[in-house]
Amino acid sequence: MYNFIQKFHSGWAYLALLLLVIAVANSLIGLFSKKEFTAKDRKIAIFALIGTHTQLLVGLILYFVSQRGFKLFEMGVGEVMKNADYRLTAVEHPLINIIAITLITIGWSKHKKLATSESKFKTFSIFYTLGLLLILSRIPWSMWF
Ligand code: HEM
């Protein structure tokens, strides 16, 4: 169980990040070149939303089956917070990613209520870029590569 979930979370991260980078680039290009927001732009944004939501679900399961997630708290909150590696996988990575994916979801919901192409591209540019930066800031890079 653990091995499969861990491998899935590790592999899906490439796809989730790629889809998010494409969505961020697309929204910035659309905003600055004053393009019209089309069905294609909507699809790019929803793929990034689905990619990150899948990663979130798998991450939540991983958190409870991994030795580097919730189980670390068995040694006490203080011990986890004192150690940068433990703090990263048990606290910072999950928490910051949940905030990031919440922002991405807010961006998706907001765009539906907006009327102009510019406002839609702007909303995606802000919320998806913030989400991407937050995710990148708390990836356990040394474990991944
Ligand atoms: C888009 C969001 C996320 C991305 C891109 C991401 C990416 C990653 C990557 C690349 C690793 C290292 C994998 C490896 O060792 O090969 C990792 C580890 C981990 N992630 Fe995530 N993650 C995300 C969200 C989450 C969330 C929301 C949670 C929990 C609620 C979570 C829990 C964990 C845990 C516990 C580990 C350590 C697992 C272990 O090695 O036993 N992740 N994540």
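Shown is the FRET efficiency for E74 and I98, computed with R0 = 25 Å from the Cβ-Cβ distance and rounded to the nearest 0.05: 0.70. Computed on the chain, with alpha-carbon pairs under 8 angstrom and 6+ residues apart, the relative contact order is 31 percent. Residues W144, W12, W108, sorted by accessible area with the largest first, give W12, W144, W108 [1.4 Å probe; ligands and nucleic acids excluded].
All C-alpha to C-alpha distances of region 2-144, sorted into 10 Å bins beginning at zero, yield P(r) values of 12, 39, 27, 15, 6, 0 percent in whole numbers.
Considering helices alone, the calculated mean residue ellipticity of the chain at 222 nm is -26000 deg cm²/dmol, with DSSP H runs of length four and up weighted by -39500 (n - 2.57) and normalised per residue. Only aspartates and glutamates eight or more places from K71 in sequence, or on another chain, were considered; those with a Cα closer than 18 Å are E79, D85, E92. What is the angle, in °, between the Cα long axis of helix 117-137 and the longest principal axis of the Cα atoms in the chain? Nearest 10 is fine, range 0 to 90. It works out to around 20 degrees. Summary of packing: across the peptides 22-33, 75-86, the per-residue average of other C-beta atoms within 10 Å ranks them, highest first, as 22-33, 75-86. For K113, the lysines whose Cα falls under 25 Å of its own Cα, not counting residues fewer than eight places away in the same chain, are K34, K35, K40, K43, K122. Multiplying the residue separation of K7 and I61 by 0.36 nm and subtracting their alpha-carbon distance yields 18.2 nm.
The values are calculated or read from the model by the stated rules, or taken from the named source; none is laboratory data. None of the values given here were measured: they were computed from a predicted structure. Cβ coordinates were reconstructed from backbone atoms using ideal geometry, including for glycine residues, and neighbour counts include every protein chain displayed. Just so you know, the surface numbers come from the protein's heavy atoms only, side chains and all, with ligands and any DNA or RNA stripped out. Shrake-Rupley method; radii C 1.70, N 1.55, O 1.52, S 1.80 Å.
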